[in-house]
Every structure is written in structure tokens, then in C-alpha cells.
Amino acid sequence: MTTLIFAPYHKDQSLEPLSRLVNAALGLGKEVHVATAGASDRAFAQAAAKLAGVTQVHNFAPPPTDSLGFDDMAAALAPLMDEYQALIANNTGTSKHVALHLAARLSIAPLTGISAILDRQTFERPIYAGSLIEQISSCDDKLIATIRTAHFEPVEDQPSCPIAQRSAPPSNRRVEVLEHTHTTTERPDLAQASIVIAGGRGIGSSKGFQKLEDFADHLGAALGASRIAVDMGWAPHHLQVGQTGIQIAPDLYIALGISGAVQHIAGIKDAGKIIAINKDIEAPIFKVADYGMVGDLHLLLPQLQKALAKQPSQANKPL
Ligand SMILES: Cc1cc2nc3c(=O)[nH]c(=O)nc-3n(C[C@H](O)[C@H](O)[C@H](O)COP(=O)(O)OP(=O)(O)OC[C@H]3O[C@@H](n4cnc5c(N)ncnc54)[C@H](O)[C@@H]3O)c2cc1C
């Protein structure tokens, strides 16, 4: 069985999710090819070609993967699928959209959010915010699946495999992107960060969130938020962690004033250590926390910051 991995590139893309996808693909069969797209040069394709287990890279240029180009990318991949029995992609963003467009084009029922590959046709995925694990089997001749990469280990390096340059068919879209404005931040990307500091309703205000930023900066951490904090307008939507936000797997997750609703916990199931600060000793977050502090975060946070100020800054250092 030969599996094609769809791997779009975006600015500051880490190779790690793709490396984990390769491991997942090896669970389907020994032949793994990668279709890269979205980079203005060949560097991402060259890095993909050095992941152990990858035997061919198709590099699409010019890249049809801006935010409206999902179906264009699916159209580019569709003819390639004659050669493949399976296509897998990350369960996030562009990857997921393109996989679903491709599935629609090929009349395949896509499987999304896969967390384990039991055999070529049988898979597991969490449902109901992770309270149930569902076992599913694909009845189609070909498989299109999106994978929760945090559940798979990265692969090692290998000598480079061949890279074929591919071009996408002319665009069929009827809407144009006029402008992209970059939101720049010095902080690590929430999806990739090894430390995440997240705030919930207990933070109390936008000002409270600004205090979290100082704390995050000292630890070299990314910022996250509960849905309530986002709904209140204290944090932007892209920082929402959970079932309808993003699922993260940091080494350390610090939850401040977050109750620990099942929909929030769904986003931090793969976190290494969890520290919770909450004034309610009965808060469900303490059931999943490795360490907990019970008390008013507005009193505890300054004390914690004072203690940490005596330590060297951890910004840019691995945990
Ligand atoms: C379909 C669906 C999808 C959802 N998706 C998500 C999602 O992706 N992510 C998500 O987060 N939620 C999601 N939710 C919402 C979720 O159910 C909760 O409502 C939300 O997570 C609660 O956010 P919170 O913990 O900040 O607020 P609350 O539940 O109100 O908890 C606030 C906590 O702060 C504590 N606190 C208050 N003041 C202080 C203080 N001064 N010091 C210390 N502690 C204090 C309180 O004791 C309390 O435990 C979803 C809900 C639904 C129905």
C-alpha cells in the first residue's frame, strides 16, 4: 500500500507534524510519499525528503494553498490519487480543508481526527470531546484520513529521496484574497509550544490577560485561553484551546482561572504536565492536573512571578 501525505507549508512551519504524519503513514504500509505545497522555494520539500520512510516527494509550485485555494489544491492532488491507495493529512487548518475537498471530488467518505491506526482499514478516534474512543473502519477502496499528529512519534532522518516538481492546474476560484495582514508575535506558536500559559474566566478582564503575557514572556511560553475568555473578548479566537479551539501537546500547561470543562480538557489531553490555579478546590481541572494551587490567582500569580523573577528567563530555552 502506498500512502500519500499532503503537507502544506506556511510561514515558520515546523517539520515535526509532518515527521509524525510519516510515522502514522508507515502504519498503513511501507511506501510513503509526500506532496508538499505552499512554499516559495524547495527547502520544505527538501526537508520532507529527508524524513525516514519517505521514498518520493511531489513539490507543487506555484503553490495553490492560500486560504481560498483548498479546492484548487484538491484538484491538483486528484489525478495523483490514481497511484495511491491512501491520502493522509494533519487534522488542522489547510490540511483538513484540502483533504475534505479531495474526498468530495473522489466520492470517498473521509475519516477525520484519527488518533490510532489499528490496521489498514481500522482506526480509532476520540469523540464527544474525548470521553469516548470510537473504532471505525473504512469501506471505500481508497482511504482519505486526517490524523491527530500528537498521537504519533516523529521519525528519524534519512538520506534524501527524489523530489518531483509538479504544477497545479489553473485556478477555478471565483473569490480572490486581496490582502493578508500578518499578526506578528515574539511568542512561540501555540500549536508547537513546549510551555503554554492559559487563562479563563477567572482572569477577569483584558487587563488580566496582559499580566499573563508578562508571565508567558518570562517562561518563553505561548498564551492560550478558554472559550469563555475568548467569548468575553479578552483573548483572540486563535488562542482558544479545546474541542472547538485547537488541541495542543505542550510539555507543560499552566491553567489559570479555568474550571476544566470537558470541552476544554479535550484540547489538553496530550499535555505532559498540567498545573492549575483555581480558587475552587472542587474545580474539575484539579482532576487532570499534576499540580494544583487553590486560591485567588490575582494574589498567587504575582507571588509566582516574583519567585520566578529570581530564576533566569526561560525564553527560547527548551523545558
Ligand atoms: C459544543 C461546545 C464546544 C466548546 N468548546 C470549547 C473549547 O474549545 N474550549 C473551551 O475552553 N471551552 C469550550 N466550550 C465551553 C466549555 O463548556 C466551558 O464553558 C468553558 O471551557 C469554561 O471556560 P472557563 O473555565 O474559563 O470558565 P468557567 O467555567 O466559568 O470557570 C472559571 C473558573 O475560574 C475560577 N476562578 C474565578 N475567579 C478566580 C480567581 N480570582 N482565582 C482563581 N480562580 C478563579 C472559578 O473557580 C472557575 O473554576 C465548549 C462548549 C460547548 C457546548
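If DNA, RNA and ligands are ignored and the probe is 1.4 Å, what is the ranking of E176, E134, E83 by accessible area, most exposed first?
Numbers: E176 130, E134 55, E83 100 Å².
Ranked from most to least accessible, the order is E176, E83, E134.
Shown in residue order for region 157-171 are the 3J(HN,Hα) couplings computed by the Karplus curve 6.51 cos²θ - 1.76 cosθ + 1.60 at θ = phi - 60°: 8, 8, x, 4, 9, x, 10, 9, 7, 10, 10, 7, x, x, 5 Hz (x for Gly and Pro). Each residue of region 142-153 is assigned a 3J(HN,Hα), and the resulting list reads 10, 10, 10, 9, 10, 10, 7, 5, 4, 7, 10, 7 Hz, derived from the Karplus form 6.51 cos²θ - 1.76 cosθ + 1.60 (θ = phi - 60°), x at Gly and Pro.
By a 1.4 Å probe calculation restricted to protein chains, Y291 has an accessible surface near 130 Å², given to the nearest 10.
Sorting 38-49, 189-200 by average packing, meaning the other beta carbons within 10 Å per residue, from highest down gives 189-200, 38-49. Under a model in which nothing but the beta-carbon of Lys, Arg (+1) and Asp, Glu (-1) is charged, the chain shows a dipole of about 420 debye around its Cα centre. Entry note, the chain: relative contact order of 15 percent, from Cα contacts under 8 Å with a spacing of 6+ residues.
Rounded to the nearest 10 square angstrom, T2 shows an accessible area of 30 square angstrom against a 1.4 Å probe.
Residues Y9, Y84, ordered by accessible area of protein heavy atoms at a 1.4 angstrom probe radius and largest first, appear as Y9, Y84. Normalised per residue, the accessible area of region 220-319 is 54 Å², obtained with a 1.4 Å probe and no contribution from ligands, DNA or RNA. The value of relative contact order for region 2-166, using C-alpha pairs under 8 Å at least six residues apart, is 30 percent. When nucleic acids and ligands are ignored and a 1.4 Å probe is applied, D290 ends up with an accessible area of around 80 Å². Counting only protein chain heavy atoms and rolling a 1.4 Å probe, the accessible areas of C161, C139 rank, largest first, as C139, C161.
Counting only the backbone N, which residues of region 79-119 are under 19 Å from the spot 7 Å out from the Cα of L132 toward its beta-carbon? Those under the cut-off are 111-116.
The values are calculated or read from the model by the stated rules, or taken from the named source; none is laboratory data. No experiment lies behind these values; they were computed from the predicted model shown. Reconstructed Cβ throughout: ideal geometry from the backbone, glycine too, with neighbour counts over all protein chains shown. Remember, those area values only see protein heavy atoms, side chains included, never the ligands or the DNA or RNA. Shrake-Rupley method; radii C 1.70, N 1.55, O 1.52, S 1.80 Å.
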